[in-house]
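Following: one structure in C-alpha cells, then a few remarks.
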Amino acid sequence: MISGTLKGLALSAAIGLATLTSAAYAQDVAGKKIGIAAREITNDYNRDIIAGAEKALKAAGAEVVVTDGGADPRKHNENIESLINSGVAGIVVQLGDAQQLAPVVAKATAAGIPVVTTSIGSKTEGVLADVGGDDALMSAIVSRALLSSIDYKGDVYVFWVPGAPILETRKRILQAMVADYPQVKLHEVPTEHSAARVQAQMEDILTANPEPGSVAAVWGAYDLLVSGAVEAVRRNDRNEIKIASIDGDRVGFQMLLDEESPFVATVVQDVPRIGSLAAEVLLKGIAGEKEFASTLFTDAWLATHANGVASAEKRWGAGIWDEMFIPRADVEERWEQNGELIVVHPILP
C-alpha cells in the first residue's frame, strides 16, 4: 500500500511538473510557431514522441507544425531547412544521424533558433540536448533476456538496419555481451525498415535451416521490424525459436501476449515522455536557458509473458485491451502473471 501510494505521488508530481513547465514558459512561445521534424512517422514510437511534444508545446500556447521525411534523410534535412526559413521559434528533431544533421542545426543556430533532438543517440553540435531512451541499457536488458531464454547456446539471427545510429548501438551491445558466451553464434542480417522484407529474409533462413534447434533465437533492433520474423516463424511452425526486441509498441505487445507466441520479451520505453521532455528543454531554451545535460533519458522496463499485463497497462493504460482486441482475462489465463515489473532509469550526476 505504501509503495503504491509513493508511486502515485511520484506520478502526480511528474505530471504536475510538466504542466508547470509549459505554463512557466507560455509567454515566451504564445502564438509562435514551433516545428517538429520527424524523419519518418511509421509506428507508435514515432507517433507518440510527436504526440508528447505537441501536447506540451500547445499547452504553452505555441502553434505546432509537424513534418515527415518519409524515412529519407535528405528529405528530413530539407524539411528542417524549410522550418528554419519559415521563421519558427524552435525545432524538435525526431531521429537522424548527428553528422547528417550538423549542417542544418548550424543554420538554425545561426538564425537564433534553438533545436532539441530526440533518439539520435548522441548530441549533435549546436543542439540543446538529445532526449531518448538509453539504447545501450535497453539493449543490455533485452539481450540478457533473450540469451537467458536459450541458455546461452545456439545460433542467433540479428536483424537491424545498417547506418541507423541507435540501432547500431543496440546491436553493438549485443555483440559485446555475446563475447562472453562462446556457445552463442551471431548471424547478422542487415535489412531495411520493412517488416515484409524481414519476413522474406526469415523465410529464407528457415528454409536453409529446417531442423528444429538449428535456429535458437532472433534478435530484432525494434518491434515493428522483427514482426516480420515472428510471422515467418509462426507460419513455419517453428515456435521453438525465441524472439525479442525493443520499444514496447502495440505490435510488440500483440506479439508478446498472443497464444503460443515465440516472442518472449520487449523493452518498453516511456515514449510520450521523450516528446514532452524534449518540448520542456526547448521551451527553456527559447526562454534563454543554455545549460542542459547533453543527453537526457526516460524510463524503460522489460515486458515478458510473466508481467505482460502490468507492462502493457503501465505503457498504454487500462484501455489497451480494447485497442488491441485482446481480452485481458485471456492473457491472464494464457500466461501466469507472476513476474515483477522493474522500471530502470539512468542516473546522471
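Roughly how many nanometres apart are two label points built 7 Å out from the Cα toward the Cβ at residue 259 and residue 176?
4.2 nm
Counting DSSP beta bridges with both partners in the chain, what percentage is antiparallel, nearest 5?
If we restrict to bridges inside the chain, about 15 percent are antiparallel.
Which lysines have a Cα less than 19 Å from the Cα of residue 242, not counting those fewer than 8 places away in the same chain?
Partners within reach: 153, 171, 185.
Round to a whole angstrom and tell me the spacing of the C-alpha centers of the range 276-296 and the range 109-179.
Using only Cα atoms to place each centre, the spacing works out to 22 Å.
Taking the Cβ-Cβ separation of residue 55 and residue 318 as r and a Förster radius of 22 Å, what is the calculated FRET efficiency to the nearest 0.05?
Values: r = 20 Å, r/R0 = 0.91.
Approximately 0.65, to the nearest 0.05.
Taking each pair of distinct Cα atoms in the range 84-155 once, what is the resulting Kirkwood hydrodynamic radius in Å?
Evaluated over the range 84-155, this radius sits at 14.2 Å.
Would you pull out the residues with amide H under 5 Å of residue 154's amide H, same chain only if 5 or more places away, H placed 1.01 Å from N?
Those lying under 5 Å, H to H, from residue 154 are 184, 185.
Under 10 Å, Cα contacts only: if you run a Gaussian network model on the chain, which one of 37, 129, 110 comes out with the highest mean-square fluctuation?
Residue with maximal mean-square fluctuation among 37, 129, 110: 110.
On a 0 to 90° scale, report how tilted helix 195-208 is relative to the longest principal axis of the chain, with both axes built from alpha carbons and the result rounded to the nearest 10.
20 degrees
Comparing 72, 97, 249, which has the greatest mean-square fluctuation in the GNM of the chain with Cα pairs linked when under 10 Å apart?
It is 72.
Between residue 111 and residue 186, what is the FRET efficiency for a Förster distance of 56 Å, r being their Cβ-Cβ separation, to the nearest 0.05?
After rounding to 0.05, the efficiency reads 0.80.
Taking amide H atoms as placed 1.01 Å from N in the peptide plane, list the residues 5 or more away in sequence, or in a different chain, whose amide H sits under 5 Å from that of residue 89.
Residues meeting the criterion, in which the H sits 1.01 Å from N, are 33, 34, 35.
Could you work out which residue, out of 170, 39, 235, moves most in a Gaussian network model of the chain, that is, has the largest mean-square fluctuation with Cα springs under 10 Å?
Of the options given, 235 has the highest mean-square fluctuation.
Starting from the range 74-134, pick out the GluC sites (Glu not before Pro) whose DSSP state is loop and whose Cβ has at most 12 other Cβ atoms within 10 Å. All intermediate terms of the calculation are to be shown ahead of the outcome.
Working: sites: 78, 81, 125; in loops: 125.
Those that pass, being in a loop and sparsely packed, are 125.
Count neighbours as other Cβ atoms within 10 Å of each site's Cβ, and list the chymotrypsin sites (Phe, Trp or Tyr not before Pro) in the range 284-349 that are DSSP loop with at most 16 such neighbours.
Passing sites in the range 284-349 are 325.
If you compute Rg/Rh (Cα atoms, Kirkwood Rh) for the structure shown, which of (1) 0.96; (2) 1.01; (3) 0.99 do you land on?
Recomputing Rg/Rh (Cα atoms, Kirkwood Rh) here picks out (3).
Between residue 63 and residue 290, take the C-beta separation as r, use R0 = 22 Å, and let me know the FRET efficiency to the nearest 0.05.
Efficiency computed from Cβ-Cβ geometry: 0.35.
DSSP loop (so not H, G, I, E, B), at most 16 other Cβ within 10 Å: list which trypsin sites (Lys or Arg not before Pro) in the range 288-349 pass both filters.
290
No value in this document is a laboratory result; all are computed from the given coordinates. All values derive from a computational prediction rather than experimental measurement. Virtual Cβ from ideal backbone geometry, glycine too; neighbours counted across all protein chains shown.
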